[in-house]
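Colleague: Pasting a structure below so you can have a look.
The values are calculated or read from the model by the stated rules, or taken from the named source; none is laboratory data. Just so you know, these numbers come straight off a predicted model, no measurement behind them. Cβ placement follows ideal geometry from the backbone for every residue including glycine, while neighbour counts extend to all protein chains displayed. Accessible surface is based on the protein model in full, side chains and every heavy atom, while ligands, DNA and RNA are left aside. Shrake-Rupley method; radii C 1.70, N 1.55, O 1.52, S 1.80 Å.
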Amino acid sequence: MEKFGDAERFPLTQPPSEYFRRHCWVAVEPDEALLPHTLATLGDDNLVISSDWPHDDSAYPHAIDEFLGLDGVSDATRRKVLWDNCARLYGLR
C-alpha cells in the first residue's frame, strides 16, 4: 500500500489489514498443519473451521478430532475457531 497504493483513487483511512480484520473470514481445514503460522500472522479472531464435508476428500467423521490434535494451537483458539467465531459470523450470539 505504501509503495504502490493509489491514495487519490482509493483513499483509505486505515491500513488494508484492518479492513481485512473487519470484513474477511478464513476457513481452516481440520488438518491445517500451517495453522500456528497463520495464527501468528492473522490472529484467531476471523478464523472458522471447515470440515469440507460432504466431499469425498474430507476428514469426516474425524475432522474435529484432527483439528483438536493439531500442535501449537491453544485451547482458547480452538474454542474460537470451533464455536465463538462461527457464532459471531452467523449472528448466533
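Colleague: Scanning for something loosely packed, with under 15 Cβ neighbours inside 10 Å and in contact (Cβ under 8 Å) with a residue 12 or more places away in the chain, does segment 2-14 turn up at least one residue? Spell out the reasoning first.
Modeller: First, pick out the residues of segment 2-14 that are loosely packed, with under 15 Cβ neighbours inside 10 Å: 2-14.
Okay, now just the ones that are also in contact (Cβ under 8 Å) with a residue 12 or more places away in the chain, so none.
Looking through segment 2-14, none of the residues is loosely packed, with under 15 Cβ neighbours inside 10 Å and in contact (Cβ under 8 Å) with a residue 12 or more places away in the chain.
Colleague: Considering only segment 4-20, I want to know if a residue exists there that is touching a strand residue (DSSP E or B) at 6+ places or on another chain (Cβ under 8 Å) and small (Gly, Ala, Ser).
Modeller: The answer is no, given that none of the residues of segment 4-20 is touching a strand residue (DSSP E or B) at 6+ places or on another chain (Cβ under 8 Å) and small (Gly, Ala, Ser).
Colleague: Cβ contacts < 8 Å: first residue closer than 11 Å to residue 46 by Cα, restricted to segment 72-87; second residue surrounded by fewer than 17 Cβ atoms within 10 Å (Cβ to Cβ) and at pLDDT 95 or above, any location; separation 6+ or different chain. Result?
Modeller: Pairs that qualify, where the first residue is closer than 11 Å to residue 46 by Cα and the partner is surrounded by fewer than 17 Cβ atoms within 10 Å (Cβ to Cβ) and at pLDDT 95 or above, are 80/45; 85/25; 85/45.
Colleague: Under 9 Å between Cβ atoms, at least 6 apart or on separate chains: pull out the pairs that start in segment 34-45 with a residue that is under 14 Å from residue 74 (Cβ atoms) and end on any residue that is in a loop (DSSP other than H, G, I, E, B) and open to solvent by 40 Å² or more (accessible area, probe 1.4 Å).
Modeller: So the pair list comes out as 35/29; 35/72; 36/71; 36/72; 38/32; 39/72; 39/74; 44/74.
Colleague: Mind counting the residues in segment 15-32 that are part of a helix (DSSP H, G or I), charged (D, E, K, R) and surrounded by 11 or more Cβ atoms within 10 Å (Cβ to Cβ)?
Modeller: Matching residues across segment 15-32 total 2.
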